[in-house]
Amino acid sequence: EEICSLTAYNTTAAREETPYGNPWQLIYVFDGDPQTNVVCEGYAKAFKYLCDLSDFDGTVVCRTVTGKMGAGGHMWNVVQMGDGKNYLVDVTNCDSGTIGADDKLFLTGAAPSEEGRTYTVSKGMCWAVYTYDEDQAGLYADGWLALSEADYVDMSGVTVTVGPAQTEAPVRTAFADV
């Protein structure tokens, strides 16, 4: 949410199909200048940068990947959470006015294609197809990063206690100091 509040999408650069590799994309997110907007590269690099600066309980690994969303070039993140599974994070398309607004594309699961290179996210009106670039397969031991089919659910702070069923109403006690 903070990344989306700090910048806006540069539609002019996107129409011109600006190639990836602009080191200023990361700087533009945090420079405080409303005139320096970014494309997906800026959103994805800013998210990875913040993850790299963060301390997490357990192992969390954030990666920046490239490919296509639908027919157009795109950059997004894949985050491996403490459960050992990978989840899609597309901060660009969580921004207001996009298909994933209200964080529908944050730590989300996706259905894989048969070859494992293409993933489909479907959540009500939010529907998107992500395809890794061909060169992304060589970056990881098992080919393309396999995504969880289910969304991430944080269970770290949840404690479940199972006890005998109560058959009587609990006894209420008065406290003198309250």
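The values are calculated or read from the model by the stated rules, or taken from the named source; none is laboratory data. All of these numbers come straight from a predicted model, not from anything done at the bench. Using ideal geometry, Cβ is built from the backbone for each residue, glycine included, and neighbour counts are taken over all protein chains shown. To get the accessible areas, we keep the full protein, side chains included, count just its heavy atoms, and leave off ligands, DNA and RNA. Shrake-Rupley method; radii C 1.70, N 1.55, O 1.52, S 1.80 Å.
Grab the other residues whose beta carbon is less than 14 angstrom from that of Ile99, score K and R as +1, D and E as -1, and report the net.
-2
Within 13 Å, Cβ to Cβ, of Leu50, how many net charges do the neighbouring residues add up to if Lys/Arg are +1 and Asp/Glu are -1? List each step's numbers first, then the result.
Values: positive: Lys45, Lys48; negative: Glu1, Glu2, Asp52, Asp55.
Here the charged neighbours net out to -2.
Given a 1.4 angstrom probe, what's the average accessible area per residue across region 1-120, in square angstrom?
On a per-residue basis, 53 Å².
Any idea of Leu139's accessible area? Nearest 10 Å², probe 1.4 Å.
110
Classify region 17-139 as rounded, prolate or oblate, taking a ≥ b ≥ c as the square roots of the eigenvalues of its Cα gyration tensor: rounded when a/c is under 1.5, otherwise prolate if a/b is larger than b/c and oblate if not.
rounded
Would you mind calculating the gained length between Ala150 and Asp31 on full extension (0.36 nm times residue separation, minus the Cα-Cα distance), in nm to one decimal?
Working: separation 119, 0.36 × 119 = 42.84 nm, distance 3.55 nm.
Extending this stretch completely gives an extra 39.3 nm.
Can you compute the modelled spin-label distance between Thr59 and Leu139, with each label point 7 Å from Cα toward Cβ, in nm?
About 1.9 nm separates the two model spin labels.
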